[in-house]
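Data block below; observations after.
Every number in this text was worked out from the coordinates using simple rules, so none of it is lab data. No experiment lies behind these values; they were computed from the predicted model shown. Using ideal geometry, Cβ is built from the backbone for each residue, glycine included, and neighbour counts are taken over all protein chains shown.
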Amino acid sequence: MVSNSITRLTGRRSGLFNRVYRFRFYYLMALPGIAYLLIFQYIPMVGIIMAFKTFSPMEGFMGIITGDWVGLDNFRKFIDSHYFSRVFGNSFIISFYRLIFGFPAPIVLALLLNEVGNRHFKKSVQSISYFPHFISYVVILGIVRKFVNLDGGYINIIIEKLGGQPVMFMSDTRFFRSILVSTGVWNGIGWASIVYLAAITNTSPELYDAAYVDGANRMQQMWHITLPSVMNVAVIMLVLRMGDIMNAGFEQIFLFYSPAVYSVSDIIDTFSYRTGILNMQYGYATAIGLFKSILGLILVLSANTFANKMGREGIW
Amino acid sequence: MKTRLRILCVILAAVLIPLMAVGCNPTTNTTTTVSTGSTTGTTTGGTTSATTQDEPVQVVFYINNGSTTDSASKAEELELVHQWFLDQINVDIQYIVPPADQAAEKLDLILTSNQKLDAFWGDWTKYSSLSMIQPITEIYSNNDFPGIREQFEPYFGPMIDAEATLWGLPRTFNTAPYPFIWRSDYADKVGVAKAPETIDELNVLLYAFRDQDPAGDGKTIPVICTGLTQLEYCLLAGYTDGGRGLWLDTTDNKVKHHIVQPGYYDFLNQIKQWYDDGILYKESFNINTQQLRELAEQGRVASSLQWYSAFGLSLQNMYSADKTTPAVGALTHDIKGPNGKYAETAVPGSKSGLVFSAKADERTVTAALKVVDYQLADLNAWYNSTYGIDNWKFVEGSEITAEPIEESENVGTKSYQGEYRVAIGKLRIDEFKELLSRDDRYISSNGKTAGIFFYYSYTYHLYEPVEKVTKALDFDTAFNMTEISNEVAAYSDITTMINEETIKFITGVRPMSEWDNFIETLYAIGMDDVEEALTAQYQAMQ
C-alpha cells in the first residue's frame, strides 16, 4: 500500500504536466508576470534588428524584416558623433552621483527610522517620505522652480535679502546636476527605504538583547547589528542598480534641462530622443539604446562577480 | 524534459501572442460619434474605404494646427457640427486632438501604427522623405476646389517641390511677424514718445524702461523674448546682408548658415550688452510663450522682440481685464540696423501645411480637400466650424464678419472649441478690417492701439510689411533640410552646438574672444559638409 503510493507519487512527479497541474494555482499566479515579461520585455527584442537595418516606419513590423542591412553603421554614427563622449560622460557622471548620494540615503533613513521609539511619529515620517515618490516630475519641476527661479524664487529672495546677486540655478552648469541629484534623492528616498526597513524587521531581537547585556549603546547596536543585517539586501540592490547606471533619468532631465546646460545634462537618452526619435531615425535610436543596454549588462555582470568575490550574495 | 518544456513554451507563446495581437490591435481613435452608416469597404493597412459614392466618406484629421485647445467641447455641440457637415457634403469628419505639448510625438506614433489617420499638419519635406505622405497634384487638378483655388492657391509655393509636385495645403503665408512691440503707455511714462527707427533710438527707449522702472518696485522687464531665434528674426538683418536664414556667400558661391555671416558677431555683441546691462530679461532663453504672457499680464513687460502674437495677445487680454487703465501697445517694423537696412527678416510661407497620409485612398483625400474647400468657400461652413451651429451671427450691417453669440474664448466659444475648423490658415484680413473699422478703441489716431491689439497687428502688420523687410535666401528657395540632415551625419551635432554655444556667449559663460574658435570648431565637425550639401541643393534648384 505504501509502495503503491510512492509509485503513484513518483509517477506524478515525473510528469511535467502533472506537476504543473499540482501547482496550478502557483502557475496561475505567475501567469500575468510571465505574460508581462514575454509581451513587454522579450517579444520587443525582435526590434533590436532595427539597429542593423534601414527601417521604414511606414512598413510597420514588416519593415524590420524587409529593411536593408547596414551593419554597424548606426553604431558608428553614434560613436563618431561630436557629442558621443559628452553624452556618455554625462550619463555616467549623473548616474554616479545618483549612486553615491541616492544609494546610501534610503539605508540611512531606514536606520534612523528604526531607532525612532514613538510609533506614531515613525509612521508619520515614513508616510511623508513616501509621498514624493507619487509626484510626477512635471509637478516636481514646478516645485523646484518655485524655489530656484530667478524671479521670485524663494532661494533668490533670500540671496537678495542678504545682499547677494540672484542666481539662475536652472541654467547654471555649476548647479544643475546638484538640483537633478538632490530632487531625485528627495523623490526616491522614502520609497527605496521600504526594502531596508523590511530587512531590519527580520533581525532577531535577541541580538539586540545580547548586545545590550554586553553594554553596547544604541549607536553600537546600529553599527554592529542593524547595518550588517541589511548589507545583503543592500548588495543585491547595488548590483541591480549597476545595471541601471547608464539610465541617468531621462524623464527628469528632459523636463529640467535647456540648451544652456546641455554640457552637463545631455545624456544618452536625451541625445537619442533629439537626434533619433524626433527625426524618426528609429534604427539610429535603437542602436543607441542597444549600445547602452550592452554597457548595462557588462556593469551588472561585473558588479555581481565583484559581490560574490567579496563574500556577499550577488543576484546569482 | 527539455522537449516537454519546449512544448509548454510553444503552447504558452501560441496563447499569448494572439492575445497580444488582439490587445495591440488599434481601433480608429476618435473623440466623436462615428457614422453609423454601414460600409462594405475593404481594409488596407488600417484604412477603410467605402465602395459606394452615396455612403459618407470618413476622414480623420489630426488637429495639430494650433487652432484648438486641450479643453473639450460639449459633446452635443460637436455632434451638431459633425452632423451638419455630414448633411451638407456627405463627409464624416473625425478628428484627434493631441495633447498640446506632445502633438508631434503622438503624430509620429500614430503614423507608424495602424491607426487610421488621413490628414495632419506637418513639414512635407520630412514626411515625404519618409514616404509617409502622398502628393495631391493629380487629385487637386482633377477636381474643382474653388475655395482653395481662390484663397490658398497663390500661396502654394512652399508646398511644391522641384518637380512641381504639390504636397499639401499651406498653413501660413509669407509674413513679417517679428515687429518690435512696446507698451506706449510706459513709453509715455518714461518720456520717450517717438517710435524707435534705429538701434540707437531703440537703446534710448530700452534703457529708459530700465532706469525709470514704469512698472514700479523694480519689476520692469525692459525687453523680453523666448529665445535667440526670436531676436535674430527681429534684428539680425540690421547687422548682416542676408538676415536670419541661409545666405549666399558671393566670395565662394556657397550657401551658408546665418551664423557665419559678417556682422553676426556684432549682433551677438549687442544682445550680450543688453543681457549684461539688465535690458534683456535674464530668463529669456528658458521661458516659453505662456510664461512670457504671464509676466506681461502682471504688467511687468515693457517691450518684446518676439513673434507678434506672444506679447500682442497679452495686451489684448490686459485690455479685456481692465478697460479703465488699459495697457496700450504699439509696434513697428521700421527699426534699421547699423548697416542701414530694416532689421527684421521676413518669414516665408512654411513648408508645414495640411498633408495627407500615404495610407489614405484617393476618395478619402478628395473628401478631406472637399471639407477644407467648403469651409473656405462658404461663410456658413466657416463660422459653423469656428463657433458651432447656431452659435454666431453676422455683426450688424455686415455680410462677412460674424461674432459668437455665446461668450468667446481665445479659440471658438466656451461650449465649442473649433475642432471641426480644418481650413486653418484662412486669411481673415477683410473680416478683421471690418471689425477694426467699427470701433475706434481698436486703433487710435497716433497708431497706438488698445482693445483688440492682436486683430490690429494681424490685419495691418503681418502681411503688408513683407515687401520692405529683409528676405533671406531660403525665403523664395525651398531648401529641404530633412535631406540635409540625412545626408550630413554631423548636421544634428552642428545644430545642437549652435543652439547651445551662442547662448553661452550671451550669458558670458564663454567670452566673446572665443568666437573665432567656436566657428572653427563648427567647421571642424562638419559645417563644410553642410555647406556643400546646401549649395548642391541650391544649384539643382537654379
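Only bridges whose two residues both fall in the protein assembly as shown count here: according to DSSP, what percent of them are antiparallel, nearest 5?
If I count the DSSP bridges inside the protein assembly as shown, around 70 percent turn out antiparallel.
Could you grab the Rg to Rh ratio for the range A:170-252? Cα atoms only, Kirkwood for Rh. Working shown, then result.
Working: Rg = 17.8 Å, Rh = 15.5 Å.
When Rh is taken as the Kirkwood radius, the ratio is 1.15.
Rounded, prolate or oblate for the range B:334-430? Axes are the square roots of the Cα gyration tensor eigenvalues, ordered a ≥ b ≥ c, and the cut-off for rounded is a/c under 1.5. Mind dumping the intermediate values first?
Values: a/c = 2.49, a/b = 1.26, b/c = 1.97.
It is oblate, given that a/c is not under 1.5 and a/b is not larger than b/c.
When the C-alpha atoms of the range B:155-238 are aligned to their principal axes, what extent does each axis show, in angstrom, from largest down?
For the range B:155-238, the Cα extents along the three principal axes come out at 58, 25, 21 Å.
Put a dot 7 Å past each Cα toward the Cβ at residue B:341 and residue B:109; how far apart are the dots in nm?
4.4 nm
Relative to a virtual label point 7 Å from the Cα of residue B:250 in the Cα→beta-carbon direction, which members of the range B:339-353 show backbone nitrogen distances below 19 Å?
B:339-342
Using the number of other C-beta atoms within 10 angstrom as an exposure proxy, rank A:186, A:316, B:182 with the fewest first.
A:316, A:186, B:182
Select from A:30, A:61, A:97 the residue farthest towards the positive end of the dipole of the range A:1-160; place +1 on Cβ of Lys and Arg, -1 on Cβ of Asp and Glu, and compute about the Cα centre.
In the range A:1-160, that residue is A:30.
If you place +1 on the Cβ of every Lys and Arg, -1 on the Cβ of every Asp and Glu, and leave all else neutral, what size is the dipole of the range B:156-288 about its Cα centre, to the nearest 20 Debye?
260 debye
Add -39500 (n - 2.57) for each DSSP H run of 4 or more in chain A, then divide by its residues: what number comes out at 222 nm, to the nearest 500 deg cm²/dmol? Provide the component values of the computation, followed by the final result.
Details: 18 runs with 208 residues, N = 316.
Per the formula, -20000 deg cm²/dmol.
For the range A:93-149, build the convex hull from the C-alpha positions and give me its volume per residue in Å³. Please list the in-between numbers first.
Details: hull volume 6.2 nm³, N = 57.
Spread over its residues, the Cα hull of the range A:93-149 gives 108 Å³ apiece.
Rounded to the nearest 0.05, what FRET efficiency do residue B:487 and residue A:159 have when you use their Cβ-Cβ distance and R0 = 41 Å? Could the numbers behind the result be given before it?
On the way: r = 49 Å, r/R0 = 1.19.
Calculated transfer efficiency: 0.25.
What order do you get for A:42, B:264, A:137 when you list them from fewest to most C-beta neighbours inside 10 Å? Don't skip to the end; give the middle numbers.
On the way: A:42 11, B:264 21, A:137 18.
Lowest to highest Cβ neighbour count: A:42, A:137, B:264.
Skipping prolines and chain starts, which residues have an amide H placed within reach, meaning under 5 Å, of the one on residue B:402, given they are 5 or more residues away or on another chain?
Result for residue B:402 returns B:395.
In nanometres, what is the gap between the two model label sites at residue B:189 and residue B:378, each 7 Å from Cα along Cα-to-Cβ?
5.1 nm
Which of B:210, B:171 comes first, and how do the rest follow, when ranked by fewest Cβ neighbours within 10 Å?
B:210, B:171
Rounded to whole Hz and in sequence order, give me ³J(HN,Hα) for the range B:284-294 from the Karplus expression 6.51 cos²θ - 1.76 cosθ + 1.60, θ = phi - 60°, writing x for Gly and Pro.
Using θ = phi - 60°, the values come out as 4, 8, 10, 9, 10, 4, 4, 5, 4, 5, 4 Hz.
Which one, A:99, A:38, A:112, has the greatest fluctuation when you compute a Gaussian network model over chain A with C-alpha springs under 10 angstrom?
A:38
Which FRET efficiency value, to the nearest 0.05, is calculated for residue A:20 and residue A:130 with the Förster distance at 45 angstrom and r the Cβ-Cβ distance?
0.70
Based only on Cα atoms, what Rg/Rh ratio does chain A have, Rh being taken as Kirkwood's radius?
In chain A, Rg relative to Rh is 1.07.
Let's test the formula: R0 of 41 Å, r as the Cβ-Cβ distance of residue A:312 and residue A:65. What FRET efficiency results, to the nearest 0.05?
Values: r = 45 Å, r/R0 = 1.09.
That pair, residue A:312 with residue A:65, gives E of 0.35.
Could you pull out which residues in the range A:182-201 have an amide N less than 17 Å from a spot 7 Å beyond the Cα of residue A:108, following the Cα-Cβ vector?
A:182-194, A:196-197
Under the rule of at least 5 residues apart or a separate chain, name every residue whose amide H is placed under 5 Å from the amide H of residue B:58.
Residues meeting the amide H criterion: B:50, B:92.
Quick check on my link table: of B:74/B:393; B:393/B:426; B:414/B:471; A:161/B:504, which ones sit more than 30 Å apart, alpha carbon to alpha carbon?
Checking Cα-Cα distances, B:414/B:471 exceed 30 Å.
Put a dot 7 Å past each Cα toward the Cβ at residue A:101 and residue A:36; how far apart are the dots in nm?
3.1 nm
To make sure I understand the rule: partners must be lysines, Cα under 21 Å from the Cα of residue B:189, and not fewer than 8 residues away in the same chain. Which ones qualify?
Straight-line reach from residue B:189, under 21 Å: B:219, B:323, B:448.
Show me, for the range B:507-523, the HN-Hα J-couplings you get by feeding each phi into the Karplus relation (A = 6.51, B = -1.76, C = 1.60, θ = phi - 60°), rounded to Hz, glycine and proline as x.
7, x, 5, 10, x, 4, 5, 8, 4, 4, 4, 4, 4, 4, 5, 4, 5
Straight-line reach only, C-alpha to C-alpha below 14 angstrom: list the aspartates and glutamates that residue B:116 could link to, leaving out same-chain residues fewer than 8 apart.
In chain and number order, the partners are B:92, B:108, B:361.
Pull up the cross-link candidates among the aspartates and glutamates for residue B:341, meaning alpha carbon to alpha carbon under 17 Å and not fewer than 8 places away within one chain.
Reachable aspartates and glutamates: B:197, B:200, B:201, B:232, B:241, B:266, B:467.
Please tell me which of these pairs span more than 22 angstrom C-alpha to C-alpha: A:292/B:126; A:146/B:106; B:336/B:468?
Table pairs above 22 Å Cα-Cα are A:292/B:126; A:146/B:106.
State, to one decimal in nm², a quarter of the convex hull surface area for the C-alpha atoms of the range B:191-250, i.e. the direction-averaged projected area.
5.3 nm²
Report, please, the projected area of the protein assembly as shown averaged over directions, based on the convex hull of its C-alpha atoms, in nm².
Averaged projected area of the protein assembly as shown's Cα convex hull equals 48.8 nm².
From zero up to wherever the largest Cα-Cα distance of the range A:157-316 sits, split into 5 Å bins and tell me the percent of pairs in each.
1, 8, 11, 12, 13, 13, 11, 9, 8, 6, 4, 2, 1, 0
Given Cβ point charges of +1 (Lys, Arg) and -1 (Asp, Glu) and nothing else, what value in debye, to the nearest 20, does the dipole of the protein assembly as shown about its Cα centre take? Write out the running numbers ahead of the final one.
Details: 66 positive and 89 negative charges, 1001 e Å.
The calculated dipole for the protein assembly as shown is roughly 4800 debye.
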